[in-house]
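Okay, structure first, notes after.
Readers should treat all values here as calculations from the given coordinates under stated rules, not as data from a laboratory. As the structure is a prediction and not an experimental result, all values here were calculated from the model. All Cβ positions, glycine included, derive from the backbone under ideal geometry; neighbour counts span all protein chains shown.
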């Protein structure tokens, strides 16, 4: 009797455990599928390249370990390759999960952006009320009611532990990179006795150097050709970046007053001749592909809107007639946008800038107006207080 009663119960327990594992597996697959659909083109490109790179490293390391079974030298290169392989496999889920977490933050920023659009009318009402009554107490109470939010802890114990493990793995990768350099530089006969292990280790070390130099290359590219970088960022949907204010809508950018730049005629004949000579020298040096590309990019609006009528603008002194985004001087017939704060830029440059960031590049004020700038300051105070509360909640959860 006991066997007849315990048998079905065990079968039910096994079936329930199998069904629960299937449910968990299905939920994970759905999570990965929806997360992949939500991430930007840039994140998909980065994840794809990273997975291809990891697979190439894993296949290469396993193949070399099998084919070089009889090789040995004065340095433990085989141990280095094995540990390197394990580190790559372990760090892969953490790196991919980091992209999905950044996408969740991006979605939160997008929701906040939609909320800001709804509150724009409230900003105008607050400004009108302040001008009429001049009383700030009511405004503070209304502001508190607008910005009141329920603080919820966004990072659980699992997420915090994952971040710590990822930091430990990254630190170990740096230390192992240093160990690999030491093994290569101190080896005497590895290139001859164990060539497969030696050159595989050399390839992994060179890849590490490339990863270290890559941020410097990107930073240099952003400094030397900022307009092209802004265009690429907009094309890859890199608008939600940590630390960068969100961009503006097309209808808001179209309201910026546009002028046609005219050079001043106060130069003497000798100065004009000298300027012409300098222009000839510069034109001879700037016949390259990238110079033509940047020039065509900057004057794209001029070629399309030659028939448009714009108010002319002259800038004195002439040294100030320069766009600080592309670091180029204004030329005759260039379309220039002048903001309410008094700063001016090329129309094409500032359009791409405001699609990513609503702040003026020089004074960091909202280009839409002073009232929006004050509202953004209130939002930043709210965000800082909210992040402070979230940090306290994380500390409380960590101590539990």
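Using the Cβ-Cβ distance between residue 59 and residue 222 with R0 set to 30 Å, the FRET efficiency from 1/(1 + (r/R0)^6) comes to roughly 0.30. The gain in end-to-end length when the residue 207 to residue 309 segment is fully stretched comes to 31.3 nm, 0.36 nm per residue minus the alpha carbon separation.
Stretched out straight at 0.36 nm per residue, the stretch from residue 329 to residue 255 would grow longer than its current Cα-Cα span by 24.2 nm. Computed from label points 7 Å out along Cα-Cβ, the spacing between residue 191 and residue 171 is 3.6 nm.
Could you calculate the FRET efficiency of residue 163 with residue 90 from 1/(1 + (r/R0)^6), where r is the beta carbon distance between them and R0 is 22 Å, rounded to 0.05? Before the final figure, lay out each step's value.
Details: r = 15 Å, r/R0 = 0.68.
That gives a FRET efficiency of 0.90.
What does the extension gain come out to for residue 132 and residue 232, with contour length at 0.36 nm per residue minus their alpha carbon separation?
Details: separation 100, 0.36 × 100 = 36.00 nm, distance 4.60 nm.
Extra length available between residue 132 and residue 232 comes to 31.4 nm.
For residue 50 and residue 112, the FRET efficiency from 1/(1 + (r/R0)^6), where r spans their Cβ atoms and R0 equals 35 Å, is about 0.75. Which whole-angstrom value gives the distance between the alpha carbon centres of the stretch 162-234 and the stretch 313-363? Computed from Cα coordinates, the inter-centre distance equals 39 Å.
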